[in-house]
Amino acid sequence: MEVDKGKGEAEETRKVAEADRDTVTLKSSDGKLFEVSKEAAARLSTVLAGMIAGGSIDDNGTDLKQIGSEALENVVDYCNKHANSIPSAALISSSISFNTAPFKEPEEWERKFVDRLSHDALFDLVEAANFLGMERLLDVTCHKISEMMKGKSPDQIREVFNIKNDYTKEELEEIRQELAWAFYDD
Amino acid sequence: MGDIHGIPDDVLELVFLLLASPAYLIHAASTCKRWHGIIGHARFLSSFASVNRRHLGAGSFYNGRYIQASFEYARPSFVASSSSSLPLVLDGCRFSIDFLWSDNVVDSKLWKIVDSHGGLLLMAKAEERLDPTHWRVDMVVCDPLARRYKTIFPPMAHRPLPSIRTLPPRRVMCVLYDVHCHYRGSMFTNDTKLGGGSWHEYAMDGKKLRSFMGRTRAFLYWHDTGGRTMTAMDRSTAELSYWGLPQSAEHRDKQGTDMKVAAGEDGEPRILAMGAGGVLRVFAMPRGGGEWEAEKTIQLSEVAAGLPGYLPSYFSGGEEVEVWINVTDAAMVTVLVSTSTFWDFLMEPWAFRLDLETLEAELVDIDDGVSDVAFPYEVPWPPVLQART
């Protein structure tokens, strides 16, 4: 099913406002509307599943005030891609909650999906996935961020993530000495 | 918007858990105080260790092998794990323990590594006196990364079966036994509040213990007197627990000295039972406990048949053949075979290394077969990450 993404306008949505639709309409903080498969939304997001089951879905666009249009577009895009990819029951329970199921590596399409995002878009998507209770998407995006940190020195990590160094020189030296095994000899 | 600073702490924890390597984690903690605070939390560090246990390992120390030409043992050495993500200097000299030999306290030819745990090595020198009931055993606890060591003297003339406990305050726990196989527990601590610098005997019900079976990262195992049960000692609490032995194991030796414990690739214990006719049975404990269950049965004649020097008589169950196994690493054993004549001479020892996962066999020198034991080294965990505000 081809889903209209991004340019979903209010009048267009009204036309398909039949009672038993198989999609739900989501509204971003900046008022844009997106349609997503009801089944995928319920399966991938605990928050949307709760809203669908509780009947708090608004046919004219369920307000998601915390999520901007770019992030919501990515969320919807992910849900649709997920719905179209080979259904894999294992994925649903694969979240890396502490001490439980081991993390499952992202699949090829998931990797591509996060790789094309800008840093800003990636961080927004992490927040959106967290807000919507989308465990798998959260795993996949967090995995991407961790990949961006791996093998980098603290300086390089600060640069990539635009982090301000709030340590004094002495404090940093202390850490380096205490944990010398973790650092390469420069 | 679009900023890593907007991501809540619990989500950052997920990111940090996925770093897998303890070195990468320390790098992340050194970028800013907020990340340091999240990573330095005791709960997080223990989750990280349980999820990424495999990555805490840096490699293994090995005792030097015997050099025939000079009648000496080579120095112990470190071999970096091929899967280690730690920033190792190529030749592993970050883990060199050469500082031990430099001031004449420890003689590399006499001292042997006897245990490793939590970033420490325990070394012992057995000085055999004329009366074997009075072994004098000196020990050294060595921290390779900090390049420090401490000499400790055991409380009595017993032979140690040492084990290191490293929860702060650092303690060395020792299980000692004498020639009559009387086991006693003893502990050495660095903490002055706990009477540091000396040995304290602690209550240990060693009456049942008969023979040492082996160790995993978390436990030491003994075969009990009577032959039907085993005792496990938790290496971090010194608590004992009692387990049954595999029911279906057909013991060649009713005393069970042919049973060993090895860690599997997953770090969990396996019982290896050598049966008649060269049958090696591997038993695993199901998750959640219960009874030992047969995991695999290895016909040694099948895995060893292609090796140079192999004789079918080795594993045909003949009386004159002795077969025993030496656990050398996780899921790795050496099988040693010796045949004796009716004069009771041990002749033609023959040995091969066997990977219990892949069942690959490789011929080894008999000396290597005995001494080639890996002492796995994990970085000290949790790391010292003091709160910095």
Over the stretch B:5-22, the set of residues under 12 Å from B:ARG34 (Cα atoms) and either among the basic types (Lys, Arg) or buried (at least 19 other Cβ atoms within 10 Å of the Cβ) (or both) is B:ILE7, B:LEU12, B:GLU13
Within the stretch A:22-47, of all residues that are in contact with a Lys or Arg (Cβ under 7 Å, 6 or more places away or on another chain) and assigned to a loop (DSSP other than H, G, I, E, B), the one modelled with the lowest pLDDT is A:ASP22
Those residues of the stretch A:124-139 that are surrounded by 24 or more Cβ atoms within 10 Å (Cβ to Cβ), out of contact with any Phe, Trp or Tyr (no Cβ under 7 Å at 6 or more places or on another chain) and more than 9 Å from every other protein chain (Cβ to nearest Cβ) come to a total of 4
Sole miss for B:TYR66 among (1) modelled with pLDDT under 85; (2) surrounded by 18 or more Cβ atoms within 10 Å (Cβ to Cβ); (3) in contact with a Phe, Trp or Tyr (Cβ under 6 Å, 6 or more places away or on another chain) is condition (2)
Picking from A:ILE163, A:ILE157, the residue that is assigned to a helix (DSSP H, G or I) and either without any contact (Cβ under 8 Å) to a residue 12 or more places away in the chain or at the interface with chain B (Cβ under 7 Å from one of its Cβ atoms) (or both) would be A:ILE157
Within the stretch B:49-75, residues free of Cβ contacts under 8 Å to residues at least 40 places away in the same chain, under 16 Å from B:HIS117 (Cα atoms) and part of a strand (DSSP E or B) come out as none
_Among the residues in the stretch B:2-19, are any touching a residue at least 40 places away in the same chain (Cβ under 8 Å) and either in contact with a helix residue (DSSP H, G or I) (Cβ under 9 Å, 6 or more places away or on another chain) or at the interface with chain A (Cβ under 8 Å from one of its Cβ atoms) (or both)?_
no
Suppose the filter is surrounded by 15 or more Cβ atoms within 10 Å (Cβ to Cβ) and of a type outside the set (Phe, Trp, Tyr); does B:ASP234 pass it? no
When every residue in the stretch A:48-69 that is hydrophobic (A, V, I, L, M, F, W, C) and either at pLDDT 90 or above or part of a helix (DSSP H, G or I) (or both) is compared, the one nearest to A:PHE131 (Cα to Cα) is A:ILE67
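The values are calculated or read from the model by the stated rules, or taken from the named source; none is laboratory data. Everything numeric here is computed off the predicted structure, so don't read it as measured data. Note: ideal-geometry Cβ built from the backbone for every residue, glycine included; neighbour counts use all protein chains shown.
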